[in-house]
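First comes the structure, then the notes that go with it.
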Amino acid sequence: MSGGQVVAILQRVNLIAGELADRRTRRYPSRLDLGDLLGEIDVDVMLWPTSRSYTGQPSAELHLIGSLPILDAVVDRLIAAGGRAARAGEFTMRSFLAGRLDLPQAEAVLGVIDAEDPGTLNQALSQLAGNLSRPLQTARGELLDLLADVEAGLDFVDEDIEFIEDADLIDRLEQLRNLLGRTSEQLRERSASTSSLEIVLRGLPNAGKSCLLNALSQTESAIVTEQAGTTRDSISVSFEVDGYSVRVTDTAGIEWRAANDPDAAVLEKAQRQAIEAASRADLCLWCVDANSQEPESALENLQAMITDRQPHKKSIENWVLLTKADLVSEPPKWIDVLGSMGIESMMISTLAGTGMSELGNKIAAAAERIDATEVGSVIGTAARCRGSLMGAIDAIVRAIDATQTQAGHELVATEIRSAAELIGDVTGEVYTDDLLDRVFSRFCIGK
Ligand SMILES: Nc1nc2c(ncn2[C@@H]2O[C@H](COP(=O)(O)OP(=O)(O)O)[C@@H](O)[C@H]2O)c(=O)[nH]1
Ligand SMILES: [Mg+2]
């Protein structure tokens, strides 16, 4: 519970008897009568009676047995006594409004709650500890100081009094630019390390998967031969497409052998690894040689595999790539069959480069979609801040430029002010209801 009425409500339901002895944070062992059916239960009340609490308001926690009917009854009693249910993220939002947390820290609270692995938890904890906010607040304070100096100079322009030398101004702006550059680089690395688009290449042996991996990543990571069955272990390469990080995994071609075949065991392992990789992917690219005369049954197999349940991911995308387009004069007839099955397909050639830039664009678009839907909270901070930080850096660069070219201190002041405002957007110094809505609606109730 949080708010000015906390103590009054606790007194009304007799969880706290009489007046408080003092204003200290303490535990009140107590009992609450829930009527004939549920009887009287033990409730430990932890009370923060002053503004020295998480939310910056009088707050209380009730510790009691966690049975749903009892919890419901207790909440009903508190509401009847004048409380109301908290909205999603409201406790953290009150903490933010009380100035106890800034926005990156509020988002980090959500990050701590949502963390699914030690790496993300560590990022969230360091963000909560202010590792992101501190440099930003320093930068904003420094910008406001510079702004004061520059504007003071403007007031005394006739008297020829300078409050700050141009060389000094440039020097300090450059330091700020570097500081913000490092911060935005950290944010970029952070989102790259956690939210890359996972692409898996699947298809028959010799369909051109390994060539595609090499072409997409512009590396020679996978061995390419005319011999079918060259790739056994899955190979992953990470790289960037339009600033989005993607990771492509090349897998062994789809192939099974009779149990008595000497290669059966290794093939089976390779197949399992490929299926496993595909089930974790965001995007599965099914490579089919455009030269092959795909019989109806092969297409149905492909469709079955594509529509097969993907247990780990809800929104996996599947595209079919018709490879080696340079060897055919026109698209094979069965490309229409794919269309009628609702499967998206495109022709490519890694040799001639056909369709490769289109494929790159589509991959970037998919990465953008994933980036928008899968943002974790701490990553959410990165996504929310990226634009503002880049904008602030640009404004500082323009301020440096304007100083160097003697374009006038009015212009310099405008740029510095806009940089400070953009950083204020990030830390939540300046905020709108929309922004708060976007940040706190992602929380669950009671956090
Ligand atoms: N003409 C042509 N040949 C290709 C193309 N892509 C791959 N190949 C050839 O097809 C064969 C199998 O390629 P590879 O990438 O190893 O197939 P994978 O088994 O699916 O990994 C190799 O001989 C490649 O040179 C292409 O776009 N055009
Ligand atoms: Mg291969």
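Some points to look at:
- Ranked by the mean number of other Cβ atoms within 10 Å per residue, highest first, peptides 151-159, 417-425 order as 417-425, 151-159.
- Secondary-structure-derived ellipticity at 222 nm for the chain, considering helices only, amounts to -16000 deg cm²/dmol, per-run term -39500 (n - 2.57) for DSSP H runs with n ≥ 4.
- Rounded tilt (10° steps) of 409-427 against the dominant C-alpha axis of the chain: 80
- Cα centroid separation - segment 91-131 against segment 136-183, whole Å: 31
- Shown in residue order for segment 160-169 are the 3J(HN,Hα) couplings computed by the Karplus curve 6.51 cos²θ - 1.76 cosθ + 1.60 at θ = phi - 60°: 6, 8, 9, 8, 8, 6, 4, 4, 5, 4 Hz (x for Gly and Pro).
- Cα gyration tensor shape of the chain, rounded if a/c is under 1.5, else prolate or oblate by comparing a/b with b/c: oblate
- In degrees, nearest ten, helix 133-155 long axis to first principal axis of the chain (Cα): 70
- Once both labels are positioned 7 Å from their Cα atoms along Cα-to-Cβ, the gap between Arg52 and Ser441 label points is 3.8 nm.
- Choice from Ile199, Ile161, Ile316 with maximal GNM fluctuation in the chain (Cα, 10 Å cutoff): Ile161
- Estimated vicinal HN-Hα couplings, Hz - segment 322-332 in sequence order (Karplus 6.51, -1.76, 1.60; Gly, Pro = x): 8, 8, 6, 4, 5, 8, 10, 8, 9, x, x
- Descending by average beta-carbon neighbour count within 10 Å, the peptides 273-282, 4-13, 242-251 line up as 242-251, 273-282, 4-13, the highest first.
- Highest to lowest packing among 212-219, 91-98, scored as the average C-beta count within 10 Å: 91-98, 212-219
- Here's how it looks for Val43: its modeled amide H is under 5 Å from those of Ser30, Arg31, Leu32, which are all 5 or more places away or on a different chain.
- Note: segment 196-372, Cα convex hull, 118 Å³ per residue.
- Considering only alpha-carbon pairs that sit under 8 angstrom and 6 or more positions apart, the relative contact order computed for segment 196-372 is 24 percent.
- Compared with the dominant Cα axis of the chain, that is its longest principal axis, helix 296-307 is turned about 10°.
- Cα centroid separation, segment 37-64 to segment 202-262 (Å): 58
- Cut-off under 5 Å, modelled amide H: who pairs with Thr354 long-range: Ser349
- Förster-model FRET efficiency, 41 Å R0, Asp76 and Ser126, C-beta, rounded to 0.05: 0.55
- Stretchable slack from Arg182 to Asp233, in nm (0.36 nm times residue separation minus alpha-carbon distance): 14.6 nm
Each value in this text was obtained by applying a stated rule to the coordinates, not by laboratory testing. Remember, it's a predicted structure, so these values are computed and weren't measured experimentally. Glycine also receives a Cβ, built like all others from the backbone with ideal geometry; neighbour counts cover every protein chain displayed.
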